Amino acid sequence: MKILIIDPGKQSLNYYLRSEEDLITCGRIGNYRDNEENCGAMNEINSRLTYEDEKIYPEAIAIRVPFGGNIFKEPAILSGSVLNKMKILAPASPLHLPAIIMLAQDAGTMFPGVPVVFIFETAFFTGLPARERNYAIDPNAMHGMEIQRLGFHGILHEAACKQINALVRRQGGHSVPKIISICLEPRPEAAAAKGIMPIMTTGGATPLEGLFGDTSCGEIDPGILIKLAQELKWGPEQINKVLTEESGIEGLLGSGVKLADIFSSKRKDYKLVCELFLYKMLLACGAAVAAMGTLDYIVFSGRYKDAGKKIGPWLVKKMGFLRKATGETQLTYMIFGKQLDEVMFETAAAKVKEYNNEFALTPAKN
Amino acid sequence: MGMKNKEMNVLVFNCGSSSLKYRLIKMPDEIELAGGEAQRIGPQTSEPARIIHREQGREETIYVEMKDHGAAFEQILKIMEKNNKVDIIGHRVVHGAGIFNNHVVINKDAINNLKRTENMAPLHNPPAVRLIEACHRLYPEIPQAAVFDTVFHSTIPWHAKTYALPGWIKRKFGIRKYGFHGTSHKYVAGEAAKYIKKPLDKLNAISCHLGSGGASLCAIINGKSADNTMGYSPLPGLVMSTRSGDIDPALVLQMAIASDGNFIEMEKLLNKESGVLGMSGISPDIRDIFKTAGKSGIRDERLALTLQVYLWRLKKAMGSYLAVTGVPDAVIFTDTIGETVPEVRQESCAGMEAFGIKIDLEKNRNLKQLPADISAPDSEAYVLVIATNEELEIARTSMELVA
């Protein structure tokens, strides 16, 4: 099966055409929203779907969706009712959902009969307990907005946790593993899960909360925002730009330095930022252990997952003091090797198979 | 006899925006001689200004006009000096603002520097600074000390106090974690060290200052503050009576957009209308929620959620700091909620065996007197309930500084 995988960002999108075994082709389309009319981005992708000068047609299309609210608890196949639900959610994710809806509609037009699968980053976290989901604010003071913690790298967290669960079963284990899944992306996120049941996440109602990233500040005192607004007379948009685009590692070290760089460099200033990141990670792990009662595995995923080779041993050493009940697994760290497009391929293939089976079983109407 | 052993009466002031709490403590015996509170200082209000004074087991209310904190101070001193002399005055100052990394004896330079802190803590510091000025002007012969809540946290290391924000913003506004409730955390750490008979400079502990208003946790390593859940301001961290504690910064911006960029409204919402009050909709006091939950019909779901979020956030913060300290010598609960609500101690310590912590449910429920150890026999760490006494800590510090 060949599946076209689309990973839309705020400005650019990445696409991958994959089979079970291989990445056939991939690429990036910049400013894809500038050309929303006439199926602009999809046209462009379609024109590039070739291998050795031969045109390739996808058998399914998978689109990564950063936000599915509490509505989408699993992947969904494009249909009228799914689109309607996404339109209802769109005001809560104005930077992503309208453009994704447009892309999906274009894909449906351009590749008639090819199923389009939406894979939601937030689906994994819809099972978060209410005590973790809610903020300590007056629900009536929110101008009608539904505000809850959602988490944002659910696709990789879920896949990494599933792999550990499979490993435990292969090894003959019967207890549910307690996992901290650390997704090392430009906006990193640590989540705690019992098996594949999410218990806690550092991500918030948006991806800004939690660990700091390449350019994002992570968790900060809300009093600072008020100070900036009062002293600099900045509006929310201006503050948002600084917090999301000029903070994090960029704010600490200067332009262009990424999370992966600070763990592979011997520079003194980089090492200081490593210390800062590790400390925030340690706090997150401590909270996760308190949330789960114990800890068996730490797993790293994401495009900077190799930094896990430095972070993992450090965390295992720091958390080595944790007391274990008899029979519990000794704390271990692992790297989840698959990239997002591989995981999305597997998820989409399974969803299409399920869809096809369902379709095959539908009784014929008289 | 050295100065430090000389008998002295220390008058401790804790200044609010329209109130002034005071205690007169005889040192070094640490005996409270008198105490009270001046209320409704400033412009006339619907109720008259008054001083509620306690001494020798009696309480009296004295109605007297007090146009500012200086006037309140003069009245308090008059009442006090009927029976006692005042040798030293100790002032609680909330924020050292990075200017004061140590407590300080008051002189002209110190007053000038104190004025520079006002911008950083506009709600808390100005009345204290006005009071210190007035005391210095009216009674220059009485030595005074300023004792800062933030000083105990000046040992928080770089990696715990730094925000991942652009350097120019941090430099321009002195943005970093300052931490608060330091006087209380320091006091209970000292008392815990005494209780478990360990030198303070070897004590590793988690101090949970759970007030009926503000609340914070402090990680203590070798007797020094290593981290505090409050930050640049007293807003972040745990769920408090009316403060939200930690919240996604983008959410604050979204709310600001929804209220047409009105950050004053945001400040009010996050500081005064959130936390236990905002979630429950009925009371800022978590004790009321414990009492009412399960008995209030349609509100029950909201009250149950308030309790869950309050306790969950506390437990997670404890876990974070326990990862920093390792198995500690002690977990300490203090202040109104920490001392008097067994459910909070029970729930926050439940399932924490991985950190070497286990409480004895019976001991926890039937606390007779403080300090007390409520840990189970197989707990590796002590779990202590200690009554905080910030005024005594201020008296001790003032005495040390002045003597």
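Derivation of every value follows stated rules applied to the coordinates shown; laboratory data play no part. Everything numeric in this text was worked out from a predicted model, so none of it was measured. Here the Cβ positions follow ideal geometry from the backbone for every residue, glycine too, while neighbour counts run over all protein chains shown.
Quick one: work out Rg over Rh on the C-alpha atoms of the stretch B:295-368, Rh as Kirkwood radius.
On the way: Rg = 13.9 Å, Rh = 13.6 Å.
Radius of gyration over Kirkwood radius for the stretch B:295-368 works out to 1.02.
Can you put A:Cys183, B:Cys135 in order of Cβ neighbours within 10 angstrom, beginning with the fewest?
Values: A:Cys183 31, B:Cys135 22.
Ordered by Cβ neighbours within 10 Å, fewest first: B:Cys135, A:Cys183.
With N set to the number of residues, divide the alpha-carbon radius of gyration of the stretch A:104-175 by 2.2 N^0.38 Å and report two decimals.
This ratio for the stretch A:104-175 stands at 1.66.
Over the protein assembly as shown, what number does the Rg to Rh ratio reach, with both radii from the alpha-carbon atoms and Rh per Kirkwood? Let's see the in-between values first.
Numbers: Rg = 29.0 Å, Rh = 28.3 Å.
When Rh is taken as the Kirkwood radius, the ratio is 1.02.
How many percent of the alpha carbon pairs in chain A exceed a separation of 34 Å?
Result for the distance tail: 31 percent.
Residues with amide H under 5 Å of A:Gly218's amide H, sequence separation 5 or more or different chain, H placed in the peptide plane at 1.01 Å from N; which?
The list, which skips near neighbours in sequence, is A:Gly213.
Hey, any idea what the orientation-averaged projected area of the convex hull of the stretch A:1-91's Cα atoms comes to, in nm²?
Values: hull surface 27.8 nm².
About 6.9 nm², averaged over all directions.
Where the eigenvalues come from the Cα gyration tensor of the stretch A:95-232, what are the semi-axes √(5λ) of the equivalent ellipsoid, largest first, in whole Å? Please list the in-between numbers first.
Working: eigenvalues 171, 127, 45 Å².
Each semi-axis is √(5λ); the values are 29, 25, 15 Å.
In a solvent-free Debye calculation with one equal scatterer on each Cα, what is log10 I(q)/I(0) for the stretch B:40-104 at q = 0.17, 0.22 Å⁻¹, listed in the order of the q values?
Log10 I(q)/I(0), no solvent term: -0.78, -1.00.
How big is the shadow of the Cα convex hull of the stretch A:242-286, averaged over all directions, in nm²? Present the calculation step by step, with values, prior to reporting the outcome.
Numbers: hull surface 13.3 nm².
Mean orientational projected area (the stretch A:242-286, Cα hull): 3.3 nm².
Taking a ≥ b ≥ c as the square roots of the eigenvalues of the Cα gyration tensor of chain B, is the shape rounded (a/c under 1.5), prolate (a/b larger than b/c) or oblate? Please list the in-between numbers first.
Working: a/c = 1.43, a/b = 1.25, b/c = 1.14.
The shape class here is rounded.
In whole angstrom, how far apart do the alpha carbon centroids of the stretch B:214-228 and the stretch A:251-308 sit?
What the calculation gives is 23 Å, centre to centre.
Sorted from largest down, give the three principal axis spans of the alpha carbons of the stretch B:260-327, whole angstrom values.
Computed over the Cα atoms, the extents are 41, 39, 16 Å.
How many percent of the alpha carbon pairs in the stretch A:158-316 exceed a separation of 20 Å? Spell out each step's value before the answer.
Working: 6659 of 12561 pairs.
Everything past 20 Å amounts to 53 percent.
If a/c stays under 1.5 just call it rounded; otherwise compare a/b with b/c (prolate if a/b is bigger, oblate if not). Do that for the stretch B:157-199, with a ≥ b ≥ c from the square roots of the Cα gyration tensor eigenvalues. Write out the running numbers ahead of the final one.
On the way: a/c = 6.07, a/b = 3.16, b/c = 1.92.
Prolate shape, in that a/c is at least 1.5 and a/b is the bigger ratio.
Taking every pair of alpha-carbon atoms in the stretch B:168-301, what share in percent sits in each 5 Å bin, from 0 to the bin with the longest distance?
Spelled out bin by bin, the stretch B:168-301 gives 2, 10, 15, 15, 16, 15, 12, 8, 5, 2, 1, 0 percent.
What is the mean projected area of the alpha carbon convex hull for the stretch B:73-127, to one decimal in square nanometres?
Computed as one quarter of the Cα hull surface, the answer is 4.5 nm².
The stretch B:1-66: Rg/Rh from Cα coordinates, Kirkwood Rh? Each step should come with its number before you reach the end.
Numbers: Rg = 14.6 Å, Rh = 13.2 Å.
Value, to two decimals: 1.11.
Tell me, what does the Kirkwood hydrodynamic radius of the stretch B:61-187 come to in angstroms if you use every pair of distinct C-alpha atoms? Please report the intermediate quantities before stating the final value.
Numbers: mean 1/r = 0.0619 Å⁻¹.
Roughly 16.2 Å, rounded to one decimal.
On the first, second and third principal axes, largest extent first, how far apart are the outermost C-alpha atoms of the stretch A:165-253 in Å?
61, 23, 16
If you keep only loop residues by DSSP, which trypsin sites (Lys or Arg not before Pro) in the stretch B:314-403 have at most 10 other Cβ atoms within 10 Å of their Cβ? Numbers along the way, then the final one.
Working: sites: B:Lys315, B:Lys316, B:Arg345, B:Lys358, B:Lys363, B:Arg365, B:Lys368, B:Arg396; in loops: B:Lys358, B:Lys368.
Here the trypsin sites (Lys or Arg not before Pro) that fit, given the DSSP loop and packing criteria, are B:Lys368.
List the trypsin sites (Lys or Arg not before Pro) in the stretch B:197-301 that DSSP assigns to loop (not H, G, I, E or B) and whose Cβ has at most 11 other Cβ atoms within 10 Å. Which are they?
The qualifying sites are B:Lys197, B:Lys295.
With +1 on each Lys and Arg Cβ and -1 on each Asp and Glu Cβ, and nothing else charged, work out how big the dipole of the stretch B:1-57 is about its Cα centre, in Debye to the nearest 20. It would help to have the intermediate numbers written out before the result.
Details: 8 positive and 7 negative charges, 26 e Å.
For this selection, approximately 120 debye.
Test of understanding: given chain B, find the longest segment containing no GluC sites (Glu not before Pro) that are in a DSSP loop and have at most 16 other Cβ atoms within 10 Å.
Values: sites that count: B:Glu7, B:Glu30, B:Glu65, B:Glu81, B:Glu141, B:Glu380.
It works out to B:142-379.
Let me confirm one metric for peptide A:279-288, namely the mean number of other chain beta-carbon atoms within 10 Å of its residues' beta-carbons. Present the calculation step by step, with values, prior to reporting the outcome.
Details: counts 8, 5, 1, 4, 10, 4, 3, 12, 11, 4.
For peptide A:279-288, the averaged partner shielding equals 6.
Could you work out how far the C-alpha centroid of the stretch A:151-169 sits from that of the stretch B:1-76, in angstrom?
60
Could you pull out the longest piece of chain A with no exposed loop trypsin sites (Lys or Arg not before Pro) in it, calling a site exposed if DSSP puts it outside H, G, I, E, B and it has at most 11 other Cβ atoms within 10 Å?
A:11-232
How much mean residue ellipticity at 222 nm does chain B get from its helices, if each DSSP H run of length 4 or more adds -39500 (n - 2.57) and you divide by all residues, to the nearest 500 deg cm²/dmol? Can you show the working numbers first?
Values: 15 runs with 152 residues, N = 403.
Calculated at 222 nm, the ellipticity per residue is -11000 deg cm²/dmol.
Considering only DSSP beta bridges where both residues belong to the protein assembly as shown, give the percentage that are antiparallel (nearest 5). List each step's numbers first, then the result.
Numbers: 68 of 105 bridges.
Close to 65 percent.
Report the Cα centroid-to-centroid distance between the stretch A:321-352 and the stretch A:73-147 in angstrom, as an integer.
25
For the stretch B:1-128, evaluate the Debye formula with one uniform point scatterer on each Cα (no solvent term) and list log10 I(q)/I(0) at q = 0.17 Å⁻¹, rounded to two decimals.
Taken in order of the listed q values, log10 I(q)/I(0) reads -0.97.
Any idea what log10 I(q)/I(0) is at q = 0.10, 0.16, 0.17, 0.19 Å⁻¹ for the stretch A:41-137, Debye with uniform C-alpha scatterers and no solvent?
-0.33, -0.72, -0.79, -0.92
Mind putting together the pair-distance distribution for the stretch A:232-310? All Cα pairs, 10 Å bins, whole percent per bin, short to long.
Calculated P(r), rounded to whole percents: 15, 36, 30, 16, 2.
Using a Gaussian network for chain A with springs between C-alpha atoms less than 10 Å apart, which of these wobbles most: A:Pro139, A:Pro222, A:Pro91?
A:Pro222
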